[in-house]
Every structure is written in C-alpha cells, then in structure tokens.
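Worksheet for the structure shown next.
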Amino acid sequence: MASSSDARQRGFVPPQNPEEQMLMRRVEELCRRAVYTGRVCWTDFLSDRQQQLAQAAVNRAGMGVCRWEGGYPDAERRVLGILPEDAPWLEDELAPVRCIRLQVRSAQGKLAHRDCLGAVLGLGLDRRSLGDILPDQEGGAYLFCLPPADALILQQLRQVGRETVEPSLAEEGLPEAADSRARRIQTASLASLRLDAALAAMLHCSREEAAQLVRTGKVQANHLEMTSPHAAIYEGDIFTIRGKGRFRLESIGGKSRRDRIFIQYYQYE
C-alpha cells in the first residue's frame, strides 16, 4: 500500500533539554573544526532523534557537505561526516565504522539484541561508540562500532547472556543476506490519526488501555515523551512503549469506504 501524497511529516522539534542542546553545540564545533582543518570530521553514533538535531546544527552552521554512514544502507544508528563545501572527499576519509561478527559457539545458541548490547556495554564502552546490532541466520549477530571500541570487543568479549561467542572483524562488511532484512509490515485502519488510536492498533489493545500507557509516561515518539493520547501521529514516527517494544509508522495511506485511514507499520526485533 503506497502512502498518500499528502501524508504528513512531523516537523523539526527544537532541543528539549540540556543534553540535546549540548549535542547541537558539539556538532557546531565539529563544523568549525572541519572548516579550520579542511578535513572531514565525524560524530559518534546518533539515534534518529539525535540525527535530526545534528542535521539542524549543520544547517545552522551553513555547512553544505555532509554524509551519513551506519555501516550498511538501512542503518538506524548512524555517524555524520562533516566537510567544508570546497574540500574534496578523500579515500582515507571513509566513515570509521567497523563491523564485528559475533559467532555463537553452541549449535543451538541464539543471541538476543538486549543481551548483545548489555554484554558490550559491560565492557565499559559508551553507547555512542555502538551502532546497530543485527541478527545473522546462524543465531549470532553483527555489531557495528567505532574505533577503538572494535579492538576492545575483539579482545575481551567472550560471553553474551548464556552463550559463548567468538568475535571477528567482518572485513567485507555486512553480508547481503543480513543487509536485506525483511521487516514484517503490518496493516491497520484507524478512525483518526491520533496517538491512542495508533497504539491500540499496534498493541492490539483498547484505546483506553493505550491512552493509559501515554498518561503514565510509558510512550515516546522519536525519543520524546508523549503526554497526550490525542497527539497527532506522522509518517515515519518511531514509537517506544516501555515493556511493549518499538514500532515504526511506515506509511499513511488512503481511506476505506467507512472513512477509516489505512496505515502500515512494523515492530523492531
């Protein structure tokens, strides 16, 4: 189902707290450094919300050249490379993103995203040095990171949850089979483009139950806490519901004969 041509996109939301203001200042400082050195400057890994803030900072600084990289085309967490408009991109200025494969030693073992993230953070690494974590077809996972985190993971990571793992550097990056992950797109129809209606459809619960999740502070849209069940929803929104999971509103389509609005969405693994 294609999205309608008039599907609304959520506008830019300015920094909401000192941490987000600090992020924008850091990106603006990278812009100044790029101008001074004439070389590309890279951020750490950024979430989707942080990417919006970083792009706004780049625009405000008047930088005309930037590049987003996450290690593979559909990466969710990405780093931003900033370069002055009159400076060329050089071959040695490729994104410093490393891909590490975590192979499970046991035949029946399977790594969960949460366990992988917890094990890596348990090494003392900062979340900003870590990108996406993707399952492979053999129960293991691919982990994207920045130097020097890659060296620490290769040297010290041997246990993820209950599984013994063997980390190795994926020299050729992410295999095509993992790169083309299939999202299980689901379709629903809503009476209105309101937050409680969308959550009720995604969670298969009543609108009142969905509204209660919002009122108790358990729902975020694009990493911002939502306070009103009646809030409007927009194509591309990512909803995080504490204890329930994460969902992306992929598209807003046409209407049914009963004037209900079709949406497509998927849940993150």
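Throughout, read-outs are computed from the coordinates displayed, never taken from laboratory work. Keep in mind the model is a prediction, meaning the values are calculated, not measured. FYI the Cβ positions are ideal-geometry reconstructions off the backbone, even for glycines, and counts take in every protein chain you see.
Key figures
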quantity: Debye intensity ratio in log₁₀ form over the Cα atoms of region 138-256, taken at each q of 0.10 Å⁻¹; calculated: -0.49
quantity: Helix-only CD estimate at 222 nm, as mean residue ellipticity for the chain, using -39500 (n - 2.57) per DSSP H run (n ≥ 4); calculated: -8000 deg cm²/dmol
quantity: For region 5-86, the spread of Cα positions along each principal axis, largest first, Å; calculated: 41, 31, 23
quantity: Spin-label pair LEU154/THR227, simplified geometry with 7 Å Cα→Cβ offset, distance in nm; calculated: 4.9 nm
quantity: Rel. contact order, % - alpha carbon contacts under 8 angstrom, at least six apart, the chain; calculated: 17 percent
quantity: Sites excluded, chymotrypsin sites (Phe, Trp or Tyr not before Pro) in DSSP loops with at most 14 other C-beta within 10 Å, longest stretch of the chain; calculated: 90-267
quantity: nm² value of the averaged projected area, convex hull over the Cα atoms of the chain; calculated: 16.6 nm²
quantity: Positive-pole candidate from GLY236, GLN103, VAL165, dipole of the chain, charges at beta carbon; calculated: GLY236
quantity: Cross-link partners of LYS218 among lysines (Cα-Cα below 16 Å; sequence separation of 8 or more within a chain); calculated: LYS244
